[in-house]
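Student: Before anything else, here's the structure in question.
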Amino acid sequence: MKAIPIFLLAGAAIIAGCQQPANHSSTSITHPGDSASAAHTVPTNTGLQCFMKVVGRDSVILQFQVRHDSVSGHLAYRNYEKDKSAGNIKGSLRDSIIDVQYHFMSEGMESTVQTLFKLEDGKAYAGLPGDFDKEGRPVFDKDPARIQFDTVPFLRVPCL
């Protein structure tokens, strides 16, 4: 049974690779002191972008669009035999880091938590909180350079 989600993810990745490039504008930025001295492209306006992460039988779907430095979209956690949650995200994009408030429903309860994603090489990586507050909400370091990100990426998939 575990082969099914992996098969679906592999199929989605193949389909994503065959997609036509999205129409969007971007700004090319060169950071002084970068060892590679390569331009870093930051999207300013994008169509809907979709990413998925599958681990075992659990999956997470991230959908968003960028308008200048504002991000809005949808995030859904579909955990096998566990609590599921789905809701809207709204926030900003700065230096390839999406910083959003995730407003969601889970087990009939409404919640809002901060969530971070790093965009890199056509993939998205979830931010790992440095701590949790007394209500159990994630707390991220104020210094973006100190934030750790998950090593298992969300892969780009076709938007449905």
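The values are calculated or read from the model by the stated rules, or taken from the named source; none is laboratory data. The shown structure was predicted, so the numbers you read here are calculated from the model rather than taken from an experiment. So basically every Cβ, Gly included, is an ideal-geometry build from the backbone, and we count neighbours across all protein chains shown.
Student: Give, as residue ranges, the strands (runs of 3 or more DSSP E) completely inside the range 1-118 that count at least 3 residues that are crowded, with 18+ Cβ neighbours inside 10 Å and modelled with pLDDT of 95 or more.
Tutor: Values: elements: 25-30, 39-45, 49-55, 58-67, 70-78, 85-94, 97-106.
Strands (runs of 3 or more DSSP E) meeting the threshold: 49-55, 58-67, 70-78, 85-94, 97-106.
Student: Here's something else I'd like to know. Scan the range 50-98 for residues that are touching an Asp or Glu at 6+ places or on another chain (Cβ under 8 Å), under 18 Å from residue 127 (Cβ atoms) and of a type in the set (Ser, Thr, Tyr) and report the count.
Tutor: Number satisfying all stated conditions: 3.
Student: Please determine, by comparing only the residues of the range 138-156 that are part of a loop (DSSP other than H, G, I, E, B) and closer than 21 Å to residue 64 by Cβ, which one is nearest to the chain's Cα centre (by Cα).
Tutor: From the range 138-156, those part of a loop (DSSP other than H, G, I, E, B) are 140-143, 147, 150-153; that's our starting set.
Pick out the ones that are also closer than 21 Å to residue 64 by Cβ and you get 140, 147, 150, 152-153.
Values: 140: 15, 147: 15, 150: 11, 152: 12, 153: 9 Å.
The selected residue is 153.
Student: Determine the pairs where a residue that is acidic (Asp, Glu), located within the range 77-106, has a partner that is modelled with pLDDT under 95 and surrounded by 13 or more Cβ atoms within 10 Å (Cβ to Cβ) with Cβ atoms under 7 Å apart, the partner being 6 or more residues away or on another chain.
Tutor: Once the first residue is acidic (Asp, Glu) and sits in the range 77-106, its partners that are modelled with pLDDT under 95 and surrounded by 13 or more Cβ atoms within 10 Å (Cβ to Cβ) give 83/106; 95/144.
Student: Now for a separate question. Let me spell it out: the conditions are (1) in a loop (DSSP other than H, G, I, E, B); (2) surrounded by 12 or more Cβ atoms within 10 Å (Cβ to Cβ), and residue 126 meets all of them except one. Which number is the exception?
Tutor: (1)
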